[in-house]
Amino acid sequence: MPTKNTKFYSLILILVDTLVLLIAFTLAYVARVTLDSRPLVNEVSSYEYLFAFLTIVPFWILIFATIGLYNPSTYNRRLVEWSKIFIGSFIGILLVIGWEYVSDTHIFPARLVAAYAFIGSFLLIIFERELLRLYRSLMFRFGRGVSRVLVIGNSHATRDIADNLSHTHKSGYKIVAIAGPQKVLPTGMDVTHFTSVETALKHISDLQITTIIQTDLYDSDERNQRILGAAQTNHISYSFIPGEPEFYAGKNTVDVFLGYPMISVSQTPLIGWGAIAKAIFDTIMSFLAIIILSPVFLILIILQAILNPGPIFYVSKRLSQFSKPVDLIKFRSMSAKYGKKDAALEFVDMGREDLATEYREHHKVTNDPRITRFGRFLRNTSLDELPQLFNVLRGDLSLVGPRPILPQEAKFSRSRTALLHSVKSGVTGLWQVSGRSNLSFEERIELELFYAQNWSFWLDIKILFKTIGVVLRKRGAK
C-alpha cells in the first residue's frame, strides 16, 4: 500500500544507499592502496577509481531496485532486507568486475579492493538501514510521517487489518476511524466509530484522514464510487483489500483484460518453474538419501523380520495431489493382523469402544494397542517413514508437503480438501515441525493450508532442517 510517506522513504533510501556505496568504495581503496604497503596489480589513481564508480553506481542502485530493496514489503522485514542486500551487493560487485572485463579498463588497483568493497558495501548498507529504521520508528512514535487511516468494511479482515495496523511505531499507520458494524472494532482500540459509511466520509477533513482502506465492496455501485470519490476529492490515498482470503492466498497476478483490471487467483504459488524445480530437487535428494541410508534400511529389515514377524512393509491407500490415491509405503509398526480396515472399526472389534470414540473425535489415539513393541520404537524415532523416500523417488509424494490423508479423512474437511491437495503431499511438512502429533486435526489442516497457499523453496529448506531437529529430539512423535 504505497503512500506519499513510503515513496518519500524509498527516495531517502536511494540517496543514502548511493552515499554509503561511495563511502564503502572509498574505504576499500584507502585500506588497500594507502594503508597496505604491498605492491599493486594495477596503477589506478583515486580520480580514475571514483570516476569509474560514479559511472557504475546508477546501475548498482538499479539492481537494488530490481530485487525490491526499495519496496515496503522488503524494508519492513529485516531478514528479507538483509538477504537482498547481500544478493544486491554481490551482483553489484560482479557488475563492476564485468565492466572491467568488457571495457578492458582497470578499475580495481588490486583484487582485495573488490573484496573490501563487497564486504564494506554489505555491512555499511545494513548498518545504514538499521539506523534509518530506528529513526523512522522514533518519528512514528512522535506522530511524524504517520498515515491517518479510515478503515471501511464489514468482514473479519476489517477487524484484523485495524488490529495489526494499531502498532503505529512499527506500521507507520494510525487507525483514526472505522466505518462498519460494532463487531469489526478491535477490543480496547480507541478510535472513532461510524456505523454509516456516508457519515464517516463527511468527517474526513475533521479527522485529518490521509488514507482510506476498504475491505468489502457494497452491493451498491454508487456507494462504492462515493468512497473512492471522497478519497479523490480530498486528495488522499485509497486502497481496496479484499476481505476474502482466497483473493490474497496462493499466487495472484494482476493484468488488463478487455480494458478492465483482472486479478488471476491461483490456489498455490507452487506452479510453473517452482513446481519443476521442486520435482527435480525431490528426485535428486530422495535418490541420494536412499543410497546413503541403504545400510539403515538393511538393518531395519532384519530387525523387523526378527522382532515383528509378518510383512516388512505396510502399504496404505492415501490421497495426494488432486486427491489422487497413492500407495504409501512404511515399515509396519502394527501387528500383522491389523491395519486392513478403518481404525475405529478395528477398535470396536477389539471391544475398545473408548478408543473408537477417541479416534472418531481426534482422528488418532494416544496409546494404540495395535502397535507392537518394535513398532513403537519405529514410530518414536520416525524410522517407520523412511520407505516413503521410494514414494518420493517415483513421484507419488514430495519431500515437503501436506500430510497424505486417508480417504475417509477427506470427509472431515470436505470444503478444504481441494485447496489442501492443490500441491503434492509430503513425507514431512509444516505440521510435523510445529508440534506434530501434539496438534489437533483442525490445527494440522490450518498449517497445511498455510503451506499450500504460501509455498516457497526456502520454506521447504527450512522445514527439512527443522524436521531433522524434531526427529532427533523426538518431540511430538507418536
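General remarks:
- In the range 333-347, of all residues being among the hydrophobic types (A, V, I, L, M, F, W, C) and part of a helix (DSSP H, G or I), the one that is surrounded by the fewest Cβ atoms within 10 Å (Cβ to Cβ) corresponds to Leu345.
- Once the range 287-343 is narrowed to residues that are among the basic types (Lys, Arg) and more than 24 Å from His421 (Cα to Cα), the residue that is modelled with the highest pLDDT is Arg332.
- Any hit, the range 172-188, residues being surrounded by fewer than 16 Cβ atoms within 10 Å (Cβ to Cβ), closer than 14 Å to Leu150 by Cβ, out of contact with any strand residue (DSSP E or B) (no Cβ under 6 Å at 6 or more places or on another chain) and not assigned by TED's automatic domain parsing to the domain that holds Ser73: no
- Residue match in the range 313-325 (condition: among the hydroxyl-bearing types (Ser, Thr, Tyr), assigned by TED's automatic domain parsing to the domain that holds Gln432, more than 21 Å from Thr467 (Cβ to Cβ) and in a helix (DSSP H, G or I)): yes
- Among residues of the range 388-404, those that are out of contact with any helix residue (DSSP H, G or I) (no Cβ under 8 Å at 6 or more places or on another chain) and either over 18 Å from Phe331 (Cβ atoms) or in contact (Cβ under 8 Å) with a residue 12 or more places away in the chain (or both), counted: 4
- Matching residues in the range 90-131 - criterion: being of a type in the set (A, V, I, L, M, F, W, C), more than 30 Å from Asn76 (Cα to Cα) and surrounded by 19 or more Cβ atoms within 10 Å (Cβ to Cβ): Ile107, Phe108, Ala110, Val113
- The residue that is modelled with the lowest pLDDT, counting only those in the range 391-420 that are assigned to a helix (DSSP H, G or I) and among the charged types (D, E, K, R), is Arg414.
- Of all residues making up the range 54-106, the number that are charged (D, E, K, R) and not in a loop (DSSP other than H, G, I, E, B): 4
- The lone exception for Arg136 - which of (1) under 26 Å from the mean Cα position of the chain (by Cα); (2) in a loop (DSSP other than H, G, I, E, B) it fails: (2)
The values are calculated or read from the model by the stated rules, or taken from the named source; none is laboratory data. Please read all numbers here as calculations on a predicted model, not as lab measurements. All Cβ positions, glycine included, derive from the backbone under ideal geometry; neighbour counts span all protein chains shown.
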